[in-house]
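Below is one structure, written out as structure tokens; comments come after it.
The values are calculated or read from the model by the stated rules, or taken from the named source; none is laboratory data. These numbers were taken from a predicted model, which means no experiment stands behind them. Note that we place each Cβ from the backbone using ideal geometry, even for glycine, and neighbour counts take in every protein chain shown. For accessibility, only protein heavy atoms count, side chains too; no ligands or nucleic acids. Shrake-Rupley method; radii C 1.70, N 1.55, O 1.52, S 1.80 Å.
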Amino acid sequence: MSGVQLPAPRRAAGRQDRHSAAWYLTVGVLCLLMLIPMYLLVVNAFKDQQDIVSRPFALNPADLTVRHLVDAWNNPDFDIAYGYLITFALVLCVNAVALTVCVPAAYVIARSSRLVFRLALLFFISGMFIPTQVILVPVIFVLRAVGLMGTFPGLVLFMASTTIPFTIFVFTGFIRMLPKSLDEAAAIDGAGPYRIVGQVILPLMKPILATVFILNSLSVWNDFASPQLILGPGSGLYTVTTGVYASVGEYSADYTQVFPTLLLAVLPILVVFVLTQRWVMSGLTAGAVKG
Amino acid sequence: MVIPAMVVFVALLVVPVGYAVYYSLTDYNGFPTQQPEFVGLDNYQRVFATSDITQTMMVTAIVAVVGSLLVNGLALSLALLLWRTTRLTALARVVMFYPHVLSLIVVGFLWAAILGPQGAVNSLLDSLGGSPLPFLSDTTWALGTLVCVIAWAQFGVQLLIYLAGLQAVPSDLLEAARIDGASRWQTFRNVTWPALAPSVTVALVTSMISLLKTYDVVVSLTGGGPAGSTKTFAYEILAVSFPKREVGLASAEAVVLIVVAAVLAFGVLAMRRRSDEAAS
């Protein structure tokens, strides 16, 4: 499980310590290229249709207006604040369900050498390769059979199930690295298995919990297919992604609606990313096995 | 203690796969009043004999293969550029990575607005006296645009993988190569690449597997058009067959995709094992 550890920051290993001018130029130009779409998104969210179409790159303070941004925020068809609320609740609930069921399971699998549990681990891991968007059609019928189709709990359960294989895989690897003598000591003191997990193992799992939380949150926040198919238009529930699809998809020629709506949709995740980029990026490196 | 996880996992991930196999052998419109009617392998025959559907397979194959080559090529070259950890490379990594945290549905709409007939790029070309380019309105261009947009949005993760992989390059060998006066290319070819090659193969196939599922960005960037030229297999399942209430057909398509993904995944595991053995 060396893959879960963060690469140690590397000191320049005796190689030439300074970059050449060509290097600065290349990296600078590439960074600009990566940022141009973001620049266009931000600048054009404050302009009128005429200015967007004729001078998309211009940044003239006299032409800027917050009117369209306010309109997008108050759009009667897509209440962005409500979309945030649903998406945020989704992120929290999926993580709560996934972590609650995965931590004990991973503990038992990691600590037992019985064949049943080794097979169980393989069974969970094989789930990592099921393309989740593709099985949504049969998932709809399963959820309908238990009466959870088109409901928030149904969506939470499905999304949690898609995170289980990877979560158990990573947790099991992590718990195996924790010394067994810790839980033996707790057991001698009379602690049951749940107590050992809750009071001994869980506090030691903080780094891996953070990694998994970040990875799961990112994929839940950005998922579109699951809420689109499971919630459907009839439920009245929408996430940021399905709301953006419903409001931008129809009016994609009206740039005064497109740019402000998209900006409002990405702003929180970008702010969170910039503030936490160190953890997000090292967490993703650790989780890269997920593919 | 394993049971709760097992129940959620089996009920919502394993059982649906079973359902998919079952429905794929039936004719079913999804209404509770209708009984699925057993039709044998008819749906699979339709999957492989309908030219609309085989075209979506071609598109998906192109997206997966060209897309993963592009993503990994970009990621590897940038990883080599941003190898050393300085304040500037740390910033550049964040800049290279940020599209990954945006949802693909937003990425698609954003690029559609930038590359559309009235979009920023064509407006710029127009003011420079050039003629507009059909980024999204020509069938060949649209597929190319789709692949490039996916690469723009996705290569950040592979970049991180390669940056981590570069830590494994033995620094004493690099030092030795420098002292012996090896050129940059010779150093890359003989020192860096051999240390990196196993992770490159794995990264290529894992990104291919994830590109097989391409759906969101098609919905927002092209809607599958023009003339179905950017319809991927997952788009066909979720946005064409299912809305037409062809549950049997959609399930057969899903099974085909699951099998392809499983074969590729098995290949990755085999390759991992082989490279682990080679390393030890």
Inset, instruction - Can you pull the one-decimal nm distance between simple spin-label points at A:Thr65 and A:Gln50, each 7 Å off the Cα toward Cβ? - result: 1.0 nm
Legend entry - Viscosity 1.567 mPa s, temperature 4 °C, Stokes-Einstein D of chain A from Kirkwood C-alpha radius, µm²/s: 58 µm²/s
Inset, instruction - Report, to the nearest whole %, how much of the accessible area of the range B:37-279 belongs to carbon and sulfur atoms, 1.4 Å probe, protein only. - result: 64 percent
Inset, instruction - Please find the FRET efficiency linking B:Arg87 to A:Asp79, where r is the Cβ-Cβ separation and R0 is fixed at 41 Å, and quote it to the nearest 0.05. - result: 0.50
Legend entry - 3J(HN,Hα) from dihedral phi, the range B:57-64, Karplus parametrisation 6.51/-1.76/1.60, rounded to Hz, x for glycine, proline: 5, 4, 4, 5, 4, 5, 4, 5
Inset, instruction - Could you calculate the contour length gain from A:Arg278 to A:Ala253, that is, 0.36 nm times the residue separation minus the distance between their Cα atoms, to one decimal place in nm? - result: 5.3 nm
Inset, instruction - Please give the calculated 222 nm ellipticity per residue for chain A, where each DSSP H segment of at least 4 residues contributes -39500 (n - 2.57) and the sum is spread over every residue; nearest 500 deg cm²/dmol? - result: -22000 deg cm²/dmol
Inset, instruction - Among B:Ser103, B:Ser241, B:Ser131, determine the one that fluctuates most according to a GNM of chain B built with springs between C-alpha atoms less than 10 Å apart. - result: B:Ser131
Legend entry - Calculated on alpha-carbon atoms, Rg and Dmax of the range B:70-122 in Å: 14.4, 41
Legend entry - 3J(HN,Hα) from dihedral phi, the range A:272-284, Karplus parametrisation 6.51/-1.76/1.60, rounded to Hz, x for glycine, proline: 4, 5, 4, 6, 10, 4, 4, 6, 4, 5, 6, x, 5
Inset, instruction - Please compute the Cα-Cα pair-distance distribution of the range A:57-196 with 5 Å bins starting at 0, giving whole percents from short to long. - result: 2, 8, 12, 13, 14, 12, 9, 7, 7, 6, 4, 3, 2, 1, 0
Inset, instruction - Evaluate the range B:36-104: find the radius of gyration of its Cα atoms, find its Kirkwood radius, and give the ratio Rg to Rh. - result: 1.31
Legend entry - Segments A:64-72, A:187-195 sorted - mean Cβ within 10 Å per residue, highest first: A:64-72, A:187-195
Legend entry - Rg to Rh quotient for the range A:95-172, alpha carbon positions, Kirkwood Rh: 1.03
Inset, instruction - Mind pulling the per residue volume of the convex hull built on the Cα atoms of the protein assembly as shown? Å³ is fine. - result: 176 Å³
Inset, instruction - Return the average number of partner chain Cβ atoms within 10 angstrom of each residue Cβ along peptide A:95-108. - result: 3
Inset, instruction - Among the trypsin sites (Lys or Arg not before Pro) in the range A:84-153, which ones are in a DSSP loop with at most 12 other Cβ atoms within 10 Å of the Cβ? Mind listing them? - result: A:Arg114
Inset, instruction - Pairs of Cα atoms under 8 Å, at least six residues apart: use those to get the relative contact order of chain A, whole percent. - result: 31 percent
Inset, instruction - Could you please state, rounded to a whole Å, how far the C-alpha centre of the range B:79-154 is from the C-alpha centre of the range A:129-165? - result: 32 Å
Legend entry - Convex hull volume of chain B per residue (C-alpha atoms, cubic angstrom): 199 Å³
Inset, instruction - Just tell me how shielded B:148-154 is by partners: mean number of partner chain Cβ atoms within 10 Å of each residue's Cβ, no decimals. - result: 1
Legend entry - Top positive-direction residue, dipole computed over the protein assembly as shown with Cβ charges, set B:Leu163, B:Ala195, A:Gly150: B:Ala195
Inset, instruction - Please tell me the relative contact order of the range B:125-280 in percent, rounded to the nearest whole number, where contacts are Cα pairs under 8 Å and at least six residues apart. - result: 25 percent
Legend entry - Shielding of B:203-215 by partner chains, average beta-carbon count, 10 Å: 2
Legend entry - Relative contact order (%) - the range A:108-245, alpha-carbon pairs under 8 angstrom, separation at least six: 33 percent
Legend entry - Set of lysines with alpha-carbon distance to A:Lys206 below 26 Å, sequence-local pairs under 8 removed: A:Lys180, A:Lys290
Legend entry - Other-chain or far-sequence residues with amide H under 5 Å of B:Thr26's (modelled H): B:Val39
Inset, instruction - Please turn the phi angles of the range B:252-266 into ³J(HN,Hα) values with the Karplus equation 6.51 cos²θ - 1.76 cosθ + 1.60 (θ = phi - 60°), one per residue in order, whole Hz, x for glycine and proline. - result: 4, 4, 4, 4, 4, 5, 4, 5, 4, 4, 5, 4, 4, 5, 4
Inset, instruction - Among the lysines, select those whose C-alpha is under 20 Å from the C-alpha of B:Lys231, and discard any that sit fewer than 8 residues away in the same chain. - result: B:Lys213, B:Lys244
